[in-house]
1. Taking Ile311 and the conditions (1) in contact (Cβ under 8 Å) with a residue 40 or more places away in the chain; (2) under 18 Å from Pro228 (Cα atoms), which numbered condition does it fall short on, given that it satisfies the others?
2. Can we say Arg188 is over 19 Å from the mean Cα position of the chain (by Cα), of a type outside the set (A, V, I, L, M) and at pLDDT 90 or above?
3. Can Asp28 be described as closer than 18 Å to Ile166 by Cα, among the charged types (D, E, K, R) and modelled with pLDDT of 85 or more?
4. Mind telling me which of the residues Gly137, Gly147, Gly141, Gly163 ends up being assigned by TED's automatic domain parsing to the domain that holds Pro89 and either more than 23 Å from Thr257 (Cβ to Cβ) or part of a loop (DSSP other than H, G, I, E, B) (or both)?
5. Out of everything in the stretch 32-58 that is closer than 21 Å to Leu170 by Cβ and free of Cβ contacts under 8 Å to residues at least 40 places away in the same chain, what residue ends up being surrounded by the most Cβ atoms within 10 Å (Cβ to Cβ)?
6. Is it the case that Pro179 is within 20 Å of the chain's Cα centre (by Cα) and either assigned by TED's automatic domain parsing to the domain that holds Ser363 or at pLDDT 95 or above (or both)?
7. Restricting attention to the stretch 237-256, and to residues there that are among the aliphatic types (A, V, I, L, M) and assigned to a strand (DSSP E or B), which single residue is farthest from Lys189 (Cα to Cα)?
8. Do we have any residue at all in the stretch 182-190 that's farther than 22 Å from Leu233 by Cβ and not charged (D, E, K, R)?
Amino acid sequence: MTRILVHGAHVNGESIDGTGSSFHSLRDRLGQAGAGSGDIVVLSGLQGRDLVLATMAVWQLNAVPMPVPEPGPDGQDARPLFDACQVSPDLSVLPAAPGHQANRLDTTAVLHLSSGSTDRPKVVRRGVSSVLQDAEGYRTGLGLAPGDRVAVPVPLVHSFGWGIAISALLSGCDIDVTPFVRASTPARKADSGAVSVLALTPPVARLMIQTRRQGEFLPRAAMAGAGPVSDELGKAFQERFGVPLLRGYGSTETGGTFFGDQGMGRPVPGVDIVEPLPGGRGELVLRLAAPVEGYLSDDQEPRREWRTGDIVRHGTDGCMHFEQRVRGPLRLNGRFIRANITEQVLRSVPGTTDVFLLVLPRSDSPEIEDFYAVVEGSASKDDLLAALSKGPAQNPIPQVVVCDRLPRTTVGKRDRDALIETVRKVSTCD
């Protein structure tokens with residue numbers, strides 16, 4: 001916190017602790033509400049500048065911020081730690097409930113919600129050293145320096161947006177965290193020179209390449225994280241904005257770990273690859289200089305090695321290339337889905353003999369994924385969709401493909417490549 005204020009950083013053109021900033025009054029109200037060293041403060045539904053200022057106010061009290069989305073009207077998004085001290089979207093402060101048991105998180109800098117393999121995400125602990133390592137990775141990869149103006153038009157409630165915003169501030173940069181509404185806004189800021197560095201997600205980058213140029217300036221650097229970047233998107237972005245679209249990779253538990261101009265990039269300082277070895281393929285296992293603190297409910301000691309759950313190819317040039325998730329819980333557009341329930345529902349329909357679920361990138365927009373179910377048997381597509389419509393409301397309904405028999409290999413296993421080809425053919429016909 002002190003490092004950020006010493007640099008005199010600005011958020012959306014205004015000083016963090018300047019006259020008229022809500023930082024001071026929010027810090028005072030949090031103190032009056034009893035928030036102190038090691039206490040959790042839930043930042044519920046805050047966006048943009050408000051979320052950054054609230055984080056700074058919490059840190060000044062040596063407390064631990066936990067940004068979360070605002071709960072939905074049906075209550076399905078109710079978050080853990082509802083009895084901790086909270087800051088609401090209008091910046092009002094709700095003290096911790098009587099009897100709330102404070103967690104003494106003296107080494108933790110922030111709590112983030114993971115995407116989760118069940119309907120309730122896990123609460124991830126990010127240590128102070130991990131956040132500082134994150135900052136160093138972005139500073140090195142993007143060449144960040146005081147005077148840079150970094151646009152982060154992506155949700156800050158998620159670990160990627162929050163992480164790069166804080167990392168930019170720690171690097172002495174000013175940040176523009178105006179929430180994304182239309183692609184023309186960040187594009188215009190880049191064209192006019194109002195921002196010099198862009199931090200995007202691949203879907204935002206794709207929308208921005210469709211905008212018309214509105215000025216003579218070019219950004220100094222741009223990156224896309226929280227999803228794969230296709231070669232086609234990278235080429236189109238460079239043609240539109242005049243700079244390469246660098247790739248970033250990381251996880252909620254570790255922060256950013258890879259950075260580069262192709263594939264997933266290469267490890268940032270403080271990150272070593274344990275597996276796979278150069279030229280090999282397998283689950284990506286990392287060793288980190290900053291320990292991974294794990295989850296709030298985790299009794300394990302902080303650990304240096306982390307199994308990512310991603311299958312990668314390790315190039316002989318040191319660059320990593322993502323191939324697929326470890327088979328298990330499926331992840332669709334960055335969020336885990338309850339695929340086991342979807343499969344159970346489909347198998348319960350009379351006439352179904354087998355089911356195979358797939359998550360595939362779109363051929364024309366690879367940064368966006370679609371969910372498919374290939375169903376073997378005589379069940380009708382209408383009956384299958386009707387059964388799915390009665391499942392959990394929060395679970396996505398897949399596109400259903402029905403076939404007489406799932407393609408299999410010579411040893412009787414389901415042939416994934418043939419299944420993908422089947423789905424692609426049906427999608428093209430549709």
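The values are calculated or read from the model by the stated rules, or taken from the named source; none is laboratory data. What you see is a predicted model, and the numbers here were worked out from it, not measured in a lab. Cβ placement follows ideal geometry from the backbone for every residue including glycine, while neighbour counts extend to all protein chains displayed.
1. Single failed check for Ile311: (1).
2. yes
3. Here the answer is no, as Asp28 does not meet what is asked.
4. After ruling out the rest, the residue left standing is Gly147.
5. The extreme case among them is Ala57.
6. No, not satisfied.
7. Checking each candidate, the answer is Leu246.
8. No, there is no match, as no residue in the stretch 182-190 is farther than 22 Å from Leu233 by Cβ and not charged (D, E, K, R).
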